[in-house]
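Trainee: One structure is given below, represented as structure tokens, and several questions about it will come after.
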Amino acid sequence: MVGFKATDVPPTATVKFLGAGTAACIADLITFPLDTAKVRLQIQGESKGLVQATASVQYRGVLGTILTMVRTEGPRSLYNGLVAGLQRQMSFASVRIGLYDSVKQFYTKGSEHAGVGSRLLAGSTTGALAVAVAQPTDVVKVRFQAQARAGGGRRYQSTMDAYKTIAQKEGFRGLWKGTSPNVARNAIVNCAELVTYDLIKDALLKANLMTDDLPCHFTSAFGAGFCTTIIASPVDVVKTRYMNSALGQYSSAGHCALTMLQKEGPRAFYKGFMPSFLRLGSWNVVMFVTYEQLKRALTAACTSREAPF
């Protein structure tokens, strides 16, 4: 067995809730530059037509985007919006990942054998619920990652300034901008991510190809990240564009998607695919491996504390 050994005592909902939030924050700290590069590539060319956008490309590829940002804005620009990102993960991942097993058990009425339908329902439910909790943090994170792309003045000076400015200039609804595409994205992402991880891990264990340890968690997480990127990229691009748009630029998420299609073509929906995959793949690996270990460590700690002397 690699890492912390599995205990006979199943982790509690509280352990899963805290473990998921903590693991997601660790994953964000490691992969945040890739996420920022993804956002920059996704919003590139949004105010221009297809021909103009092609002729004035500022960022090219993952490495090129990162190097351009470091050269023109400094290394710290890669972590624009990190505070909001960590706030988002602590509230967001705790709900969508930490409560997944509990909601899955609710849909299966406590049965240990959960079908694909029950898993999809649980993933959709916790993904949508997480958006209701963490949407403002997601808006601020995207705005921070996108700002300074044209070399102009910074839109926001700090995380709290961003919350305050958005609320003052765009109203309370500004902090909830893009909720609809975000609900759609996270229902899809959660289903693809958690259900795929669940299914791959179960298949590996049932076929006795691997044991429930780090290599199994790594393989399952990598597969989940790849599947999630393919499925979720189009709605993720629309979500990013709509959240970052100026007041009145798009009348709705659907209008944003239609504008992208007309001006930039179908390929626009997969802008930033490589950083999305690198980010989601690496994020999933770090998050799931850390989450599995944290669950075991916290469960062992709780068990030893409650055990009689």
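Trainee: What's the angle, to the nearest 10 degrees (0 to 90), between helix 116-146's Cα axis and the longest principal axis of the chain?
Mentor: Result, in degrees: 40.
Trainee: Between Phe226 and Cys302, what is the label-to-label distance in nm when each label sits 7 Å out along the Cα-to-Cβ direction?
Mentor: 3.5 nm
Trainee: Ranked from the most accessible area to the least, with a 1.4 Å probe and all protein chains present, what is the order of Trp176, Trp283?
Mentor: Highest to lowest solvent-accessible surface, that is Trp176, Trp283.
Trainee: Then there is this: Can you compute the radius of gyration and Dmax for the chain, using only the Cα atoms, both in Å?
Mentor: My reading of the Cα-based Rg and Dmax gives 20.1, 74 Å.
Trainee: Follow-up. Residue separation times 0.36 nm, minus the C-alpha to C-alpha distance between Gln249 and Glu112: what's the value?
Mentor: My answer for the length gained is 44.4 nm.
Trainee: Could you work out how much longer the chain between Arg155 and Ala13 gets when fully extended? Use 0.36 nm per residue separation minus the Cα distance between them, nm to one decimal.
Mentor: Full extension of this stretch gives 47.2 nm more.
Trainee: All other residues with a Cβ under 11 Å from the Cβ of Asp101 taken together, and with Lys, Arg as +1 and Asp, Glu as -1, what is their net charge?
Mentor: +3
Trainee: Separate question: Using only Cα atoms and rounding to the nearest 10 degrees, what angle (0 to 90) does helix 159-170 make with the longest principal axis of the chain?
Mentor: Helix 159-170 sits at roughly 60 degrees to that axis.
Trainee: Tell me, what is the 1.4 Å probe accessible area of Glu170, in Å² to the nearest 10?
Mentor: Solvent-accessible area, nearest 10 Å²: 40 Å².
Trainee: Report, to the nearest 10°, how far helix 61-73 tilts away from the longest principal axis of the Cα atoms in the chain, using its own Cα long axis and a range of 0 to 90°.
Mentor: Once rounded, one gets 60 degrees.
Trainee: Here's another thing I want to ask about it. Using the eigenvalues of the Cα gyration tensor, what equivalent ellipsoid semi-axes result for the stretch 176-309 when each is taken as the square root of five times the eigenvalue, whole Å, largest first?
Mentor: 38, 18, 11
Trainee: Quick check: residue separation of Gln58 and Lys164 times 0.36 nm, minus the Cα distance between them. What number comes out in nm?
Mentor: Gain on extension, Gln58 to Lys164, equals 35.1 nm.
Trainee: Set the Förster distance to 41 Å, then compute FRET efficiency between Phe172 and Ala207 from the Cβ-Cβ distance, nearest 0.05.
Mentor: Approximately 0.20, to the nearest 0.05.
The values are calculated or read from the model by the stated rules, or taken from the named source; none is laboratory data. Computed from a predicted model, the values in this text were never measured in an experiment. Cβ atoms come from the backbone with ideal geometry, glycine included; neighbour counts cover every protein chain shown. To get the accessible areas, we keep the full protein, side chains included, count just its heavy atoms, and leave off ligands, DNA and RNA. Shrake-Rupley method; radii C 1.70, N 1.55, O 1.52, S 1.80 Å.
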